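K.L.:
Quick one: the structure is below, and I'll ask about it shortly.
All of the numbers you see were taken from the coordinates with simple rules; none came from a lab. Here the structure is a predicted model, which means the values were calculated and not measured. Using ideal geometry, Cβ is built from the backbone for each residue, glycine included, and neighbour counts are taken over all protein chains shown.
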There are 2 protein chains.
Amino acid sequence: MSLTYAILSALMSAPRSGYDLAKRFNPSVEGSVGFFWNASFQQIYRELNRLEAHQWLQAESVQQENRPDKRIYSVTAMGKQQLCQWIAESEEMAPLKDDLLVKLYAGYLVPHQTIVAKLEAHRQQHQQRLAIYHEIKHQYFPNPQTLSKTLKFQYMTLLRGIHYETGWLAWCDEIMQLLT
Amino acid sequence: MSLTYAILSALMSAPRSGYDLAKRFNPSVEGSVGFFWNASFQQIYRELNRLEAHQWLQAESVQQENRPDKRIYSVTAMGKQQLCQWIAESEEMAPLKDDLLVKLYAGYLVPHQTIVAKLEAHRQQHQQRLAIYHEIKHQYFPNPQTLSKTLKFQYMTLLRGIHYETGWLAWCDEIMQLLT
DNA sequence: CAAGATTATTCACTTAGTTGAATATACAAT
DNA sequence: ATTGTATATTCAACTAAGTGAATAATCTTG
């Protein structure tokens with residue numbers, strides 16, 4: 001269950017409330033973990049309670065003015081150890097698992113225009129996302145050679161996003177030519 | 001539930017038994033749907049029974065010599081209609097959801113060598129997969145311009161795989177330089 | 001002051017996916 | 001003869017993920 005470790009990773013860089021975490025895992029909020037892992041707020045809170053019960057996390061209640069109180073979660077020594085152990089384990093290649101590919105595979109069953117419209121809509125979204133990645137790169141990682149260790153690893157995941165979206169767009173252009 | 005439609009798509013190109021389908025959805029069997037969608041044989045059989053009950057599929061029992069009998073499933077008119085309807089629906093961008101990226105994000109917590117070794121192992125697997133894709137391309141799609149409609153769509157999904165793996169390898173090489 | 005937005009969290013229900021075990025036929029190898 | 005492998009399928013238990021609804025405090029706006 002990678003959500004467990006995705007949460008631990010996110011909380012390692014900074015303790016946060018469930019609410020703040022949930023925002024970062026929300027796919028519609030730009031520029032956060034949500035780009036390569038997402039989860040609903042219900043999922044996050046459920047997992048936080050589970051991890052607190054296992055003592056991988058500890059929570060501190062924080063009284064707030066002007067808004068409801070909250071609980072700030074941070075990773076315990078045990079949680080950190082578990083995270084490191086998980087990182088060291090080997091993992092399978094992640095499958096693509098993309099609805100669009102399944103649809104394309106059976107694309108001969110529907111009107112041509114249905115598929116073309118779909119690809120154009122996705123193309124726009126991927127282009128937007130690539131633009132966001134580039135913006136993050138320029139804003140937070142202008143000089144990749146001089147990054148701290150922590151930031152360097154975050155930068156590498158950002159680069160993955162950039163390569164992924166670039167590859168997606170190149171593919172889209174190539175198949176559009178086949179379709180027209 | 002995309003497995004439903006992935007199964008329908010696979011059975012649209014040719015009626016098959018659960019056993020044959022399961023092989024095609026097996027991630028460790030090379031050169032099939034399993035590259036962009038996978039499922040265990042238990043999942044497949046469960047889903048086939050569900051779809052037969054809904055009359056999206058029909059089954060025909062086939063007596064065999066030299067091996068156990070089997071049931072061949074094919075898509076009904078209703079199943080085909082449901083598949084086409086699903087294809088026409090809009091879909092979200094698929095998230096990356098890759099354990100390796102979560103691990104990389106928190107990579108500063110473990111020895112450098114742990115991450116480098118992981119990337120090298122993955123690099124080899126991705127390179128192998130790319131080689132398989134290229135082989136399929138040369139063997140089944142030597143002349144992309146002259147493909148039947150059905151094969152053209154399959155070819156487009158293959159191209160996605162090629163772009164994906166090419167992008168992955170380019171990314172890997174780029175971050176390896178950052179790591180060393 | 002009522003209505004709506006934002007912050008903050010929980011509970012219950014349902015669907016989807018994973019894992020272990022079991023059953024049965026037939027062939028091939030030891 | 002027995003063990004192992006390939007074909008072919010089912011059942012049960014469990015974990016993980018997704019969805020809908022609810023509660024509650026506080027701030028903003030008409």
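K.L.:
Using only alpha carbon positions, build the gyration tensor of region B:2-88, then give the equivalent ellipsoid semi-axes as the square roots of 5 times its eigenvalues, largest first, whole angstrom.
P.N.:
20, 17, 10
K.L.:
Between region B:28-92 and region B:163-178, how many Å separate their Cα centres?
P.N.:
When both Cα centres are located, 35 Å separates them.
K.L.:
Can you tell me the relative contact order of chain A? Whole percent, Cα pairs under 8 Å, sequence separation 6 or more.
P.N.:
Values: 144 pairs, mean separation 30.6, N = 180.
Taking the mean separation of contacting Cα pairs over the length of chain A, I get 17 percent.
K.L.:
Still on this structure, please answer the following. List, shortest first and in nm to one decimal, how far the label point of A:Ala14 (7 Å from Cα along Cα→Cβ) is from its counterparts in the other copies.
P.N.:
Here A:Ala14 shows inter-copy label distances of 5.5 nm.
K.L.:
Between the helical axis of A:41-53 and the dominant principal axis of chain A, each derived from Cα atoms, what acute angle in degrees is found, rounded to the nearest 10?
P.N.:
40 degrees
K.L.:
Holding the Cα-Cα limit at 32 Å, pick out from A:Lys97/A:Lys137; B:Lys23/B:Lys103; A:Lys80/A:Lys118; A:Lys149/B:Lys23; A:Lys118/A:Lys152 the pairs that are longer than that. Please list the in-between numbers first.
P.N.:
Values: A:Lys97/A:Lys137 27 Å; B:Lys23/B:Lys103 30 Å; A:Lys80/A:Lys118 43 Å; A:Lys149/B:Lys23 43 Å; A:Lys118/A:Lys152 36 Å.
Those over the limit are A:Lys80/A:Lys118; A:Lys149/B:Lys23; A:Lys118/A:Lys152.
K.L.:
Taking every residue in A:168-180, how many Cβ atoms of other protein chains lie within 10 Å of its Cβ, on average? Spell out each step's value before the answer.
P.N.:
Values: counts 5, 1, 4, 10, 4, 0, 6, 8, 1, 1, 8, 3, 0.
Average neighbour count from other chains, rounded to a whole number: 4.
K.L.:
Relative contact order for region A:51-112: what percent, with Cα pairs under 8 Å and sequence separation of 6 or more? Could the numbers behind the result be given before it?
P.N.:
Working: 40 pairs, mean separation 14.5, N = 62.
Contact order relative to length: 23 percent.
K.L.:
Counting only C-alpha contacts under 8 Å and six or more residues apart, can you give the relative contact order of region A:2-88 as a whole percent?
P.N.:
Details: 112 pairs, mean separation 27.5, N = 87.
Worked out over region A:2-88, it gives 32 percent.
K.L.:
Suppose every K and R has +1 on its Cβ and every D and E has -1 on its Cβ; what is the size of the dipole of chain A about the Cα centre, in Debye to the nearest 20? Intermediate results must be reported in sequence, preceding the final value.
P.N.:
Working: 18 positive and 17 negative charges, 61 e Å.
Here the size comes out at about 300 debye.
K.L.:
Taking a quarter of the surface of the Cα convex hull of chain B, what do you get in nm²?
P.N.:
13.9 nm²
K.L.:
With charges set only on the Cβ (+1 for Lys and Arg, -1 for Asp and Glu), what does the dipole of region A:2-88 come to about its Cα centre, in debye to the nearest 20? Please list the in-between numbers first.
P.N.:
Working: 9 positive and 7 negative charges, 19 e Å.
Result for region A:2-88 is approximately 100 debye, rounded to the nearest 20.
K.L.:
Which net charge results when you count Lys and Arg as +1 and Asp and Glu as -1 among the other residues whose beta-carbon is under 11 Å from that of A:Tyr45? If you can, show how the numbers build up before the last one.
P.N.:
Details: positive: A:Arg46, A:Arg50, A:Arg71; negative: A:Glu47, A:Glu52.
Charge balance near A:Tyr45 sits at +1.
K.L.:
Which part of region A:62-97 falls in the paramagnetic zone of B:Thr114, meaning amide N under 12 Å from the point 7 Å along Cα-to-beta-carbon?
P.N.:
A:80-90
K.L.:
While we're here: Copy-to-copy spacing for A:Glu174, label 7 Å out on the Cα-to-C-beta vector, in nm, shortest first?
P.N.:
When each copy's label point is compared with this one, the spacings are 1.7 nm.
K.L.:
What number, rounded to the nearest 500 deg cm²/dmol, is the helix-based mean residue ellipticity at 222 nm of chain A, given -39500 (n - 2.57) per DSSP H run of at least four residues and division by all its residues?
P.N.:
Numbers: 7 runs with 111 residues, N = 180.
-20500 deg cm²/dmol, from helical runs alone.
K.L.:
Just to confirm the number: angle between the C-alpha axis of helix B:2-13 and the first principal axis of chain B, 0 to 90 degrees, nearest 10?
P.N.:
Taking the Cα atoms of chain B, the angle to B:2-13 is about 60 degrees.
K.L.:
With angles folded into 0 to 90 degrees, how steeply does helix B:77-88 sit against the dominant principal axis of chain B? Use alpha carbons for both and round to 10.
P.N.:
Between helix and principal axis, roughly 30 degrees.
K.L.:
What residue of chain B sits with its beta carbon nearest the rotation axis taking B to A, and at what distance in whole Å?
P.N.:
It is B:Gly167, 2, counting Cβ atoms only.
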